[in-house]
1. Starting from the Cα of K276, draw a straight line to each of the lysines and keep only those under 17 Å, dropping any in the same chain fewer than 8 residues away.
2. What number, in percent, do you get for the relative contact order of the chain if the mean sequence gap of Cα pairs under 8 Å and at least 6 apart is divided by its residue count?
3. Please give the FRET efficiency for S57 paired with L441, using the beta carbon to beta carbon distance and R0 = 45 Å, rounded to the nearest 0.05.
4. Counting Lys and Arg as +1 and Asp and Glu as -1, what is the net charge of the other residues whose Cβ lies under 11 Å from the Cβ of V311?
5. Please compute the length gained on full extension between C211 and A114, using 0.36 nm multiplied by the number of residues separating them and subtracting their Cα-Cα distance.
6. Subtract the Cα-Cα distance of Y186 and K335 from 0.36 nm times their separation in residues, and report this length gain in nm to one decimal.
7. Restricting attention to the stretch 381-450, which trypsin sites (Lys or Arg not before Pro) occupy a DSSP loop and are surrounded by at most 14 other Cβ atoms within 10 Å?
8. Taking Cα centroids, how far is the stretch 64-86 from the stretch 255-334 in Å?
Amino acid sequence: MFMNDKQPVTVIGAGLAGTEAAWQIARAGVPVVLYEMRPVQMTPAHHTGEFAELVCSNSFGAKASDRAAGLLHEELRQLGSLVIGTADRHQVPAGGALAVDRGVFSHELTETLANHPLIDLRREEAPAIPQEGIVVLTTGPLTTPALATDLQRFTGMEYMSFFDAASPIVVGDSINLDIAFRASRYDKGDADYINCPMNKEQYLHFWQELCKAEQAELKEFDRETSKFFEACLPIEEMAKRGEDTMRYGPVKPVGLSDPRSETRPYAVVQLRQEDKAGQLWNMVGFQTNLRWGEQKRVFQLIPGLENAEFVRMGVMHRNTFINSPQLLDRTLQFKTRSTLLAAGQLTGTEGYTAATAGGWLAGTNAARLAQGLKPVWMPYTTMMGALFSFISSASPKHFQPMPPNFGILPPFPQKIKSKPERYGKYRDRSLSHLASWRTRLNVRVPALTT
């Protein structure tokens, strides 16, 4: 029983996003009911009942603030993140990365929340979205079938991916337009695609290397799911079905001519614009299960992509996520129910730090709603703001999960060719604008105590 006259906010899931959200709500003086079904009911990926369990790597990515992940770390530090503060205390040597002793890290977070007087912990499954009150969904990529079904009912959408088959995304400035050309197939549209042409020799070399490239091993629950996705066949599996299979599929040259030579290439790899600013480009039809190092090696054999900078590699794994551009505002509220919010991988962000950032914003806004205040959104020029702007405004038809990266930030008026200089300026602008935003909106960050 809470000694508090405020109605509690319900948070479902105590992963990174849920842990951060629950802390931000409770720190604001609002009671929380936190559902976490582990260890009573386990997922195929988790091994413990601890909060914020790091199931893949123990690394949160690059430390340096002139790197995308590192900038997100610093923004969260400025905002009083419990998760990042705990990670800082329990980091282990990992070169330039923020890596943690994952057992100690998760145990401390569990103890911190379980012992908080405003957090009512319930070790049970929440099979449906509560109909009343303020709710934050942070159930992650392995959302239970019952809750996923209820979420589909609520949204009225069949589009919820249960197997993430995503193509790599590259930075537009890294594409060699002396080789690649802008055009749409059969001249439909306004030269909407970037096309990387290959002659027969280049194609055969690419095909041979693709066929022998090393694949990542699918987890058992991914293997069970993958058989249902013939329409999302990995590009390497397609290649293994025959020399010309890809040329009748994603790299077919029909309807495309290089305007410089007015000839049709032997094969063409198309890239589709991923963001409104045209800074990110998706390799069409290149969903893949290759190891990330192999993806870079093989895909840089494609003419025009020899110096490609990848902001996201292709992936294939089980991953429940919603079509956020249709469903969420940049405040992480659902458009059709302002008292329902979501955060973490469920919303289509990728990575530990991005999940934590979503938890911070969803938790902050849930607390503000409970206090009768208006929700806030982040400046577009911050990494957090750019990430949540992307997932709430990307093309719904082609939406796929996105990690933090500099390609989603608004560019500077004048192009900065030096990558280190450009990234440093992104960092400086972001942290400056974040400080101004906090001052303007009176977003208070009390000292972190556990």
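1. K397
2. 21
3. That pair, S57 with L441, gives E of 0.85.
4. -3
5. 29.9 nm
6. Contour length minus Cα-Cα distance gives 49.9 nm.
7. Values: sites: K397, K415, K417, R422, K425, R427, R429, R438, R440, R444; in loops: K415, K417, R444.
For trypsin sites (Lys or Arg not before Pro) across the stretch 381-450 that sit outside H, G, I, E and B with at most 14 neighbouring Cβ atoms in 10 Å, the list reads K415, K417, R444.
8. Distance between centres, Cα-based: 27 Å.
The values are calculated or read from the model by the stated rules, or taken from the named source; none is laboratory data. Remember, it's a predicted structure, so these values are computed and weren't measured experimentally. Reconstructed Cβ throughout: ideal geometry from the backbone, glycine too, with neighbour counts over all protein chains shown. Remember, those area values only see protein heavy atoms, side chains included, never the ligands or the DNA or RNA. Shrake-Rupley method; radii C 1.70, N 1.55, O 1.52, S 1.80 Å.
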